[in-house]
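The values are calculated or read from the model by the stated rules, or taken from the named source; none is laboratory data. All of these numbers come straight from a predicted model, not from anything done at the bench. Here the Cβ positions follow ideal geometry from the backbone for every residue, glycine too, while neighbour counts run over all protein chains shown. Keep in mind that these areas ignore ligands, DNA and RNA; they rest on the heavy atoms of the full protein, side chains included. Shrake-Rupley method; radii C 1.70, N 1.55, O 1.52, S 1.80 Å.
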Amino acid sequence: MARTAGDLLPKFTLSTKVGYFPGRDGGEHCLNPVRLRAAVERAADDLGREPDLVFLHNPEHSLRETTSHGRDMLAQACAALDNSVAKGLCAAWGVASWDPSPLLDLIDPTTPRPSVLMVRAGLLVGIGTLDAADALIKAWDLGNRTVWGMSPFGGSAGAPVWARIDPRVFLRDGSRFSRVQAAFRTAYHLPRVDSVAVGTDDPAHLGELVDALVGEFEERTIREYRGLLRDRSRDQPV
Ligand SMILES: NC(=O)c1ccc[n+]([C@@H]2O[C@H](COP(=O)([O-])OP(=O)(O)OC[C@H]3O[C@@H](n4cnc5c(N)ncnc54)[C@H](OP(=O)(O)O)[C@@H]3O)[C@@H](O)[C@H]2O)c1
């Protein structure tokens, strides 16, 4: 970005992630505070300016066991990012979690609190992950802090599942929107998030998604959908 559009960078809000490093099998997650701090410094160097927001990437990968050690590791990683903000290396920090469930037992009132939590969002997210995300938002008391959603199409808007469902039922005036737009807009309510990180290489696609932001949710349908997800998870054999 800095190489191709360095002059435009001041006009954007820039967010990036640390905690996933090049490794022997492609990449490895790591919560070592020294490595995290160095990665934040490097992001600022590469961009030529401090990022507005730096996420800790999927910390649950390094914290499979709910032990006091895991609790310390998470707290120290969060403290490293907190410290990066204090040193002016980035304006704010957050936690991005693909599976927030393991984090629930690892935070307490002493764990440094992120400014933003980013979790998976949209119609492909299961009830367990939705519930865990809501519980983490509450436990971290994020209140007026921000929650972001990510990966609203589960990585591909062309996956067969999107041809089988019509997400326009989730919007009040659904016929004004395409299915892709409706799926994107619905992601703001599953779970409830303020922003959605979506991937696209096509400016026209991005425009289509931005146009979807005026869509209004059918609250009742979203509630019913969550109820159906919950019923189905109860019916599934363990
Ligand atoms: N923490 C994690 O483990 C993790 C994992 C995955 C993703 N993420 C985060 O989530 C963000 C987005 O996830 P993602 O890129 O994997 O998946 P995604 O946003 O769910 O889907 C991206 C796909 O949707 C297509 N798309 C977007 N808008 C479209 C439109 N209007 N019409 C048709 N197709 C459209 C894109 O194709 P085109 O390029 O053709 O538009 C692209 O193939 C990432 O940038 C990352 O920040 C995090």
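General observations
- Some residue of segment 208-222 being within 29 Å of Glu60 (Cβ to Cβ), basic (Lys, Arg) and part of a helix (DSSP H, G or I): no
- Scanning segment 150-183 for residues that are of a type in the set (Gly, Ala, Ser) and either outside any helix (DSSP H, G or I) or open to solvent by less than 40 Å² (accessible area, probe 1.4 Å) (or both) gives Ser151, Gly154, Gly155, Ser156, Ala157, Gly158, Ala159, Gly174, Ser178, Ala182, Ala183.
- Selection status of Leu124, open to solvent by 50 Å² or more (accessible area, probe 1.4 Å) and at pLDDT 95 or above: yes
- Residue tally, condition within 12 Å of Val18 (Cα to Cα), open to solvent by 20 Å² or more (accessible area, probe 1.4 Å) and in contact with a helix residue (DSSP H, G or I) (Cβ under 7 Å, 6 or more places away or on another chain), over segment 35-66: 1
- Test: residue in segment 29-49 that is within 16 Å of the ligand (Cβ to nearest atom), free of Cβ contacts under 8 Å to residues at least 24 places away in the same chain and more than 19 Å from Val119 (Cα to Cα): yes
- Close pairs from segment 67-90: first farther than 15 Å from Leu31 by Cβ, partner open to solvent by less than 10 Å² (accessible area, probe 1.4 Å), Cβ under 6 Å, at least 6 apart: Val85/Trp93; Leu89/Val40; Cys90/Val40; Cys90/Pro51; Cys90/Val54; Cys90/Ser84
- Here segment 192-205 is the region considered, the condition is being open to solvent by less than 60 Å² (accessible area, probe 1.4 Å) and aliphatic (A, V, I, L, M), and the residue that is nearest to Arg223 (Cα to Cα) is Val193.
- Qualifying residue in segment 184-191 (condition: near the ligand (Cβ under 8 Å from one of its atoms) and either surrounded by 15 or more Cβ atoms within 10 Å (Cβ to Cβ) or more than 25 Å from Gly126 (Cβ to Cβ) (or both)): yes
- Of the set (1) farther than 22 Å from Gly199 by Cβ; (2) at pLDDT 95 or above, all apply to Ala96 but (1).
- With respect to the conditions (1) part of a strand (DSSP E or B); (2) open to solvent by 60 Å² or more (accessible area, probe 1.4 Å), Val119 falls short on a single one, namely (2).
- Residue check, Ser84 in contact with a strand residue (DSSP E or B) (Cβ under 9 Å, 6 or more places away or on another chain) and at pLDDT below 95: no
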